[in-house]
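Okay, structure first, notes after.
The values are calculated or read from the model by the stated rules, or taken from the named source; none is laboratory data. Computed from a prediction, not measured in an experiment: that's the story for all the values here. Cβ sites come from the backbone with ideal geometry, for glycine too, and all protein chains shown count toward neighbours. Side chains included, ligands, DNA and RNA excluded: accessible areas come from the protein's heavy atoms. Shrake-Rupley method; radii C 1.70, N 1.55, O 1.52, S 1.80 Å.
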Amino acid sequence: MGHHAEAPEESTEALLVLSVSKKNKNIRTVQVNRPEPEQVNFLPALAKGLGITLKHFFGNVVARKHTETMQYPEETKAYPERNRGLHRLMLREDDTERCVACMCCPTVCPANCITIVPAERDDAGIEKRPAIFEIDELRCVVCGLCVESCPCDAIRMDTGVHATAVEHRHESVMDKSALLKSGTKSIAVQGGTGPNWRK
Ligand code: SF4
Ligand code: SF4
């Protein structure tokens, strides 16, 4: 029984070998010439490359030819006028914060890093004030949308200071007093008066 069961397998194998050998007849070989000695010897190319490296090395170290590197932090580059730095909260004439806790900036913030808790103003005005105003500078993507969205010129990023390195995450959160520390009086009309309101 066992012999009869194996017979069909043997014939299948034979057919397979036949078809492979038929295919092999179509395989052609291509003769490739050996590379020339100068193509095999990499030493001249290596020496040429090293020569270029050494030329740049001595040119930069001795003659300071191509050195674009700034010796940061001893040397610093002046930021452009419109650079977005750390945030600050602006002040009214009476030295209170200009922010009316309208929630435009936390709404528009793509990093969701502004936390505002509104409260009533003591002077019984119709506007609110932020009881808590915090920005997590580590999460901030420095897009400037908070500044653009503010209708009161209450928040700016023109401090010229970039976020510094911190050891713990919570140290990167600027609270209201920290944000007001660099705040100055803004002469913009509260609420704005059209496209040129900053003037
Ligand atoms: S600059 Fe952009 S990411 Fe940073 S607090 Fe403002 S809106 Fe949020
Ligand atoms: S958009 Fe301006 S006024 Fe409104 S919550 Fe932000 S900082 Fe305050």
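The candidates D122, D94, arranged from most to least accessible area with a 1.4 Å probe in the full protein assembly, appear as D122, D94. Restricting the range 118-184 to GluC sites (Glu not before Pro) that sit in a DSSP loop and have at most 11 other Cβ atoms within 10 Å of their own Cβ leaves E167.
A 1.4 Å probe run over the range 126-192, with the rest of the protein chains in place, finds 57 Å² accessible per residue.
Fully extending the segment from N26 to Q39 would add 1.4 nm, taking 0.36 nm per residue of separation and subtracting the current Cα-Cα distance. In terms of the mean number of neighbouring beta-carbon atoms within 10 Å, the peptides 174-181, 65-72, 28-35 order highest first as 174-181, 65-72, 28-35. Each part reduced to its alpha carbon centroid, the range 174-189 and the range 106-126 end up 14 Å apart.
Near S182, once Lys and Arg are set to +1 and Asp and Glu to -1 for all other residues with Cβ below 12 Å from its Cβ, the sum equals +2. Using every pair of distinct Cα positions in the range 88-181, the Kirkwood expression returns a hydrodynamic radius of 13.7 angstrom. At 1.4 Å probe size, with the rest of the protein present, what percent of the exposed accessible area of the range 95-162 is carbon and sulfur atoms? Exposed carbon and sulfur together represent 56 percent of the surface.
Does the range 28-99 classify as rounded, prolate or oblate by the C-alpha gyration tensor (a ≥ b ≥ c root eigenvalues; a/c under 1.5 gives rounded; else a/b over b/c gives prolate, otherwise oblate)? Because a/c hits 1.5 or more and a/b fails to exceed b/c, the range 28-99 counts as oblate.
Between L138 and E75, the C-beta separation translates, for a Förster distance of 22 Å, into a calculated FRET efficiency of about 0.30. Approximating the spin labels as points 7 Å out from Cα along Cα→Cβ, the H170-to-R82 distance works out to 3.9 nm.
Once the Cβ-Cβ distance of F57 and D95 is raised to the sixth power relative to R0 = 41 Å, the FRET efficiency obtained is 0.10.
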